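Undergrad: Can you read through this structure? Questions will come right after.
The values are calculated or read from the model by the stated rules, or taken from the named source; none is laboratory data. Since the model is a prediction, treat every value here as computed from it, not as a measurement. A quick note on method: Cβ atoms are made from the backbone with ideal geometry, for glycine too, and the neighbour counts reach across all protein chains shown. Just the protein is used for accessible areas: all its heavy atoms, side chains included, with ligands, DNA and RNA removed. Shrake-Rupley method; radii C 1.70, N 1.55, O 1.52, S 1.80 Å.
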Amino acid sequence: MSVYLDHAATTPMVDVAVSAMTTQLVHLGNPSSLHTPGRASRKAIEQARESLALEIGCAPSEIIFTASGTEANNTALKGLYWKGKSTGRNVVVISSIEHHAILDPAEWLSDHEGAEVISIGVTKDGVLDISQLTQLLTHRGDEIAVISVMHSNNETGVLQSISEVVALASLHSIPVHCDGVQSFKKVPLSFSELGLTALSLSAHKIGGPLGVGILVLKRGYEIPALLHGGGQEREIRSGTLNAPAIVGFAAAASSQYPSTKIQPLRDELIAGILKVVPDAYINGGGDRLPGIVNATFPGTESDTLLLLLDAQGIAASTGSACSAGVQRPSHVLLAMGHTDKSARSSLRFSLGATSTREEIDTVISVLPGVIERARAANLR
Ligand SMILES: Cc1ncc(COP(=O)(O)O)c(C=O)c1O
């Protein structure tokens, strides 16, 4: 039996998205063209925009389609920084557990644009240290161009209190961007209720196609573009719109995420792990996404665990970046107080709409043997 527990990396497309997308794929017409076929493509996009806006809690005109969550994050962080810089604000504030699609543009802004980047820490449970943020704002609030904090973490699933961040930031008129890629459709998330300036989303995490994302940008809030050309999407993101992918995104977003099925499976997985590997522990506390489990298995190396699990037909992940085949310890777990060693002994299992009890049972049944072999390999 093959077991897929890497839904936070990417999850299968839902049927309605496949059918909406394939229907649109055979439609000719550039949505920017004025002729009849072009207008038909435009109409399909605008209908998708309206239905996505309802799901996101924003106005249709606040949606800017991008090619990924990564692009949405880059456009927001760089654009909001440049906008702030033009009024004398040079500081970028992020959390220490952001995805690389925020960490790396922040580092780029520091290296190439002279930005001062300040990273706010997290507690051992992976929750943003609000007191550190409050102190920073009290002392340097009028220097900050943008604050970017993720809605939930992709490695641990821990949810952050974005409304608290927005309330603090608003005292100093600082725009807040939120990476909502892992949260959208899985937990309540409304752009207008949170009072955000910008929000990033991605279709392939919710059963839509790869290669399409959204930057929600508050009405009347214009930022410099990264891509220049035909002037699409409020001149913030030029490029011919990908009508099939956008229509597929909207179809996926209008289908229900089965939290009530996934959360109990997640809880069974946690209970099973702790039962068969008594010294294992779960990372992350407080409110969490229904589908992510991050566990540390002392005495193992996560690379070895991944390979041993893969040999049994089980796909899991470390959730952290792998460069040139060398696994670096997760910056998220390090920020939560892990040592290099314990961070390197951790795995992420992520569940999705297609997850089943049989899959969980399979993992639990092979886990003791896998851990034993991984520990033996580690001693060699
Ligand atoms: C929290 C978070 N932000 C951003 C991204 C990037 O999204 P995309 O794959 O659409 O570029 C991911 C994907 O793993 C993510 O988990």
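Undergrad: Work through the residues other than R380 whose Cβ is under 15 Å from its Cβ and net out their charges, Lys, Arg +1 and Asp, Glu -1.
TA: Residues near R380 contribute -1 overall.
Undergrad: Defining a contact as two alpha carbons under 8 Å apart and six or more residues distant in sequence, what relative contact order in percent does the chain show?
TA: 24
Undergrad: A further question follows. Can you give me the long-range amide H partners of I314? Hydrogens built in the peptide plane at 1.01 Å from N, cutoff under 5 Å, separation of 5 or more residues or another chain.
TA: V3
Undergrad: Under the rule a/c < 1.5 gives rounded, and otherwise a/b versus b/c splits prolate from oblate, where does the chain land using the Cα gyration tensor?
TA: In terms of gyration-tensor shape, oblate.
Undergrad: Moving to a separate point now. Could the peptides 49-60, 223-234 be put in order, highest first, of the mean number of other beta-carbon atoms found within 10 Å of their residues?
TA: My ranking of the peptides, most packed first, is 49-60, 223-234.
Undergrad: For every other residue with a beta carbon closer than 10 angstrom to the beta carbon of R357, add +1 if it is Lys or Arg and -1 if Asp or Glu, then tell me the sum.
TA: -3
Undergrad: So, counting K/R as plus one and D/E as minus one, what does the shell of residues with Cβ under 12 Å around L80 add up to?
TA: Neighbour charge sum, excluding L80 itself: +4.
Undergrad: Pop out the ³J(HN,Hα) list for the range 206-215 in order, Karplus 6.51 cos²θ - 1.76 cosθ + 1.60 with θ = phi - 60°, rounded to Hz; leave Gly and Pro as x.
TA: 10, x, x, x, 5, x, 8, x, 9, 10
Undergrad: In whole percent, how big is the carbon plus sulfur part of the accessible area of the range 15-253, probe 1.4 Å, protein atoms only?
TA: 55
Undergrad: Just to verify a number: FRET efficiency for A377 and I270, C-beta to C-beta distance, R0 = 35 Å, to 0.05?
TA: Once rounded, the FRET efficiency stands at 0.90.
Undergrad: Got a sec to turn the phi values of the range 271-285 into Karplus ³J(HN,Hα) couplings, 6.51 cos²θ - 1.76 cosθ + 1.60 with θ = phi - 60°, whole Hz, x for Gly and Pro?
TA: Rounded to whole hertz, the list is 4, x, 4, 5, 6, 8, 10, x, 8, 6, 9, 9, 9, x, x.
Undergrad: Whole Å is fine, so just give me how far the alpha carbon centre of the range 167-198 lies from that of the range 85-131.
TA: With the range 167-198 and the range 85-131 each reduced to a Cα centre, they are spaced 16 Å.
Undergrad: Which is farthest toward the positive dipole end of the chain among G248, A225, S190, measuring Cα position about the Cα centre, with Cβ charges +1 (Lys, Arg) and -1 (Asp, Glu)?
TA: It is G248.
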